[in-house]
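Notes follow once the structure below has been shown.
None of the figures in this text is laboratory data; all of them are computed from the coordinates on show. Note that the coordinates shown come from a computational prediction; the quantities given were computed from them, not determined experimentally.
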Amino acid sequence: PLHLAINNRQMEMVQFLVDHGANTDAKTDNGRTPLHFASRGGQLGVVQYLCEQKGANVETQDQNGSTPLHFACKHGHLKLVQYLIEERGANVLQAQDKNGSTPLHIASVCRDKSIVRYLVAQSVVPLSCDHSSQPPSGVLATIIGSGG
């Protein structure tokens, strides 16, 4: 029910369920927590509530190794990316999924210039490779092409 309430953007229901004992770290069959769902949907308020009020783990990985930060990068939620890194200490450099993709790889594949610029500004090494020896595709082109 908690995952569904988050998916349907029902903040009051989220709070009600959590206040009445819903497990904020409950995982779906594919290992996704409520924090993964909120990060995918760009729901900064829900993410803040789960982290600050309920201590949700920002480093939790689904069965593919993706963290909430991977989801926020994939779906273009810059403010959420900033919050996870700056306020919750999400580990950008070591957050790799099962393919070795970091949040920078994900943002690069999605061609999200603002997130790529932000991650590079956070001292993320732009040439770190995934397990198939691929650097984040288009990172340098994105940065150079935008004058960044």
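Could you run the Karplus curve 6.51 cos²θ - 1.76 cosθ + 1.60 with θ = phi - 60° over region 72-77 and give me ³J(HN,Hα) per residue in whole Hz, x for Gly and Pro?
Per-residue couplings from phi come out as 4, 5, 4, 9, x, 9 Hz.
May I have the extent of the alpha carbons of region 1-112 along their three principal axes, as whole Å values ordered from largest to smallest?
39, 27, 23
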